[in-house]
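> Dropping a structure here in structure tokens format, bear with me for questions.
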Amino acid sequence: MKKPLIFLAALVAPAAAQAGSIDVTPSSRVSYADLNLSSAADQQILQTRIDAAVREVCLAPSGLSNLSEFQQWHSCRDRARAQVQEQLPANFALASGRDRL
């Protein structure tokens, strides 16, 4: 059985890739197979999982003294959240059964 997932990938190259290392784009998958998305409580649980995944994918700079690093981190978070928002309407429809033919 295919488990419902939300896929999240950082759209900003990690610092290691910029330094000449192997280019690996951080990503995370958020499962909601155990949640009933018609429930407000379960929707909040999903949001908590998404927030954790965004923090995992978009690592905060060790210090906020470098404006460029801060801007990249902030941009990564914004794009990751936007990417999730694009997936949510379809996933909520699937969870409620509205997507059935």
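Derivation of every value follows stated rules applied to the coordinates shown; laboratory data play no part. Please read these numbers as outputs of a predicted model, since none were measured by experiment. We place every Cβ from the backbone using ideal geometry, glycine too, and count neighbours over all the protein chains shown.
> Only Lys, Arg, Asp and Glu count, each charged at its Cβ (+1, +1, -1, -1), so figure out the dipole size of region 27-81 about its Cα centre, rounded to 20 debye.
Using only the charged Cβ atoms, the result is roughly 100 debye.
> Quick check on the exposure proxy: order Arg29, Arg81 from fewest to most C-beta atoms within 10 angstrom.
Result, fewest neighbours first: Arg29, Arg81.
> To continue, here is another question. Mind checking the full-extension length gain between Phe70 and Asp42? Use 0.36 nm per residue of separation minus the Cα-Cα distance, one decimal, nm.
6.9 nm
> Using 0.36 nm times the number of residues separating Glu86 and Arg49, minus their current alpha carbon distance, what extension gain do you get?
11.7 nm
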